[in-house]
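Novice: Pasting in a structure now, in structure tokens, and then I'll have a few things to ask.
The values are calculated or read from the model by the stated rules, or taken from the named source; none is laboratory data. Every value quoted in this text rests on a predicted model; they were computed, and no experiment measured them. Cβ sites come from the backbone with ideal geometry, for glycine too, and all protein chains shown count toward neighbours. SASA here: full protein model, heavy atoms, side chains in, ligands and nucleic acids out. Shrake-Rupley method; radii C 1.70, N 1.55, O 1.52, S 1.80 Å.
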Amino acid sequence: MTQAMGDRTEDIEIRLLLEALFQKYHYDFRRYAMASIRRRLRQAREQMGFASFSLMQDHLLHDPVMLPRLLDYLTVQVSEMFRDPSYFRALREKVAPHLHTYPSLKVWVAGCATGEELYSMIILFREEGLESRTIFYATDVSHEALRRAEAGIYDLGRIRLFTENHRESGGKSSLSNYYTAAYGGAAFAKNLRERVVFADHSLATDAVFGEMQLISCRNVLIYFDRVLQNRAIGLFADSLARKGFLGLGAKESLRFTDHSFAFLDFARDERIYQKRSAA
Ligand SMILES: C[S@@+](CC[C@H](N)C(=O)[O-])C[C@H]1O[C@@H](n2cnc3c(N)ncnc32)[C@H](O)[C@@H]1O
């Protein structure tokens, strides 16, 4: 068999595996970007010791224990607090003044992973005097990631980077005000979570959330193919209130999506958009 035929057979097996995952467990990874799915599934197959994806599929269908293990490979949980500080600076300096004009706010952090982006957002809202009027929705397709987000405990070794990012984002207090050293890590204060609703939600299969003033979804759409990116952006357009803000971060953009007409550029470099009033 030639290399090209072998690769084609592997892609067929991968597609069948993803179909089995969807049919049996309703997790839909069928429209993720193939290159990264292939890379991560190859790693899973090798580390779990399967000779082929077809054997892996058979196992997945008959042994539910495989499901969380496979999801761990399929979802990438890399995150950090105040990641790309200029994004949070733009939220602080450009978006917050608009948010001050609303008596109540709803903010959705979609694909929140283990919570670093969520806590960054809450701390920023507290520092800007917006927290007490806001409900935060933190969602992810990974139940395990959400569980860790709810716990809000991070490795102490990461705190230096988080502190530096927070400072660069224009942080108005010391990050150490928000956590205590506990359980061998930095435990973020419970009161930061008081206004948060954590929910399992997949941008691939689930429906809209209502009337948000701000949606932040960073480093998630890069894993999707064009069709799924369109679905997710459509969901955001429908979930935002008029003149609501959508933050995608520097790696992603609305260009080439079906919904770009619904938004105006608001902070171009940080890819923060504002929904048009008539959209
Ligand atoms: C790299 S992390 C991004 C974390 C955070 N937003 C940040 O920028 O630091 C990507 C997250 O997207 C989540 N994800 C992947 N597919 C998803 C989907 N269909 N719906 C919701 N979340 C998804 C993964 O579980 C993972 O937690």
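Novice: With springs connecting C-alpha atoms under 10 Å apart, model the chain as a Gaussian network and identify which of ARG160, ARG89, ARG31 has the largest mean-square fluctuation.
Specialist: ARG160
Novice: Nearest 20 debye, what's the magnitude of the dipole of the chain about its Cα centre given +1 on Lys and Arg Cβ and -1 on Asp and Glu Cβ?
Specialist: 620 debye
Novice: Another question, then. Can you figure out the FRET efficiency of ARG160 with ILE222, using R₀ = 30 Å and their beta-carbon distance, to the nearest 0.05?
Specialist: Taking R0 as 30 Å, the efficiency between ARG160 and ILE222 is 0.65.
Novice: Calculate, for the stretch 141-279, the solvent-accessible area per residue in square angstrom, rolling a 1.4 angstrom probe over the heavy atoms of the protein chains.
Specialist: 50 Å²
Novice: Taking amide H positions as placed in the peptide plane 1.01 Å from N, state which residues far from MET212 in sequence (5 or more) or on other chains have amide H under 5 Å from it.
Specialist: LEU240, ALA241
Novice: Still on this structure, please answer the following. Between HIS62 and SER260, what is 0.36 nm times their sequence separation minus the Cα-Cα distance? Round to one decimal in nm.
Specialist: Here the segment from HIS62 to SER260 would lengthen by 67.0 nm.
Novice: In Å², what does the accessible area per residue of the stretch 1-83 work out to with a 1.4 Å probe?
Specialist: 57 Å²
Novice: Once you have the Cα-Cα distance between ARG276 and ARG8, take 0.36 nm times their residue separation minus that, and quote the gain in nm to one decimal.
Specialist: Between ARG276 and ARG8, full extension yields 92.1 nm more.
Novice: Please go through the residue pairs LYS106/LYS251; LYS94/LYS172; LYS94/LYS275; LYS251/LYS275; LYS24/LYS106; LYS106/LYS172 and name each one whose alpha carbons sit more than 27 Å apart in this structure.
Specialist: Exceeds cut-off: LYS24/LYS106.
Novice: Give the carbon-plus-sulfur fraction of the accessible surface of the chain in %, rounded to a whole number; probe 1.4 Å, heavy atoms of protein chains only.
Specialist: That share works out to 51 percent.
Novice: Rounded to the nearest Å, what's the spacing between the alpha carbon centres of the stretch 201-279 and the stretch 128-195? Just the number, please.
Specialist: 24 Å
Novice: Which of the listed residues, ASN219, LEU175, ALA262, is farthest toward the dipole's positive end in the chain, when Lys, Arg count +1 and Asp, Glu count -1 at the beta-carbon?
Specialist: The listed residue farthest towards the positive side: ALA262.
Novice: Can I ask one more? Any idea what the dipole of the stretch 102-235 comes to, in debye rounded to 20, about its Cα centre with Lys/Arg Cβ at +1 and Asp/Glu Cβ at -1?
Specialist: With Lys and Arg at +1 and Asp and Glu at -1, about 180 debye.
Novice: Okay, moving on. How much net charge surrounds ALA207 when only other residues with a Cβ under 15 Å from its Cβ are counted (Lys, Arg +1; Asp, Glu -1)?
Specialist: Neighbourhood net charge equals -4.
Novice: Sticking with this one: Please identify the DSSP H helices in the chain that span no less than 18 Å along the helix axis (Cα) and have a mean Kyte-Doolittle hydropathy of -0.5 or more.
Specialist: Passing helices, by number: 3-25, 226-239.
Novice: Can you tell me how the stretch 79-202 classifies by the Cα gyration tensor, rounded, prolate or oblate, using a/c under 1.5 as the rounded cut?
Specialist: Cα axes put the stretch 79-202 in the oblate bin.
Novice: Count charges around VAL197 for me, please; just the other residues with Cβ under 13 Å from its Cβ, Lys/Arg as +1, Asp/Glu as -1.
Specialist: Local net charge: -1.
Novice: So, one more: Could you work out how much longer the chain between ARG195 and ALA182 gets when fully extended? Use 0.36 nm per residue separation minus the Cα distance between them, nm to one decimal.
Specialist: 2.4 nm
Novice: Round to the nearest 10 and report in Å² the accessible area of TYR27, as given by a 1.4 Å probe over the protein chains' heavy atoms.
Specialist: Surface open to solvent at TYR27 totals about 60 Å².
Novice: Same structure, new question: Run the dipole for the stretch 11-124 about the Cα centre, Lys and Arg Cβ at +1, Asp and Glu Cβ at -1, nothing else charged, and hand back the magnitude in debye, nearest 20.
Specialist: Here the size comes out at about 280 debye.
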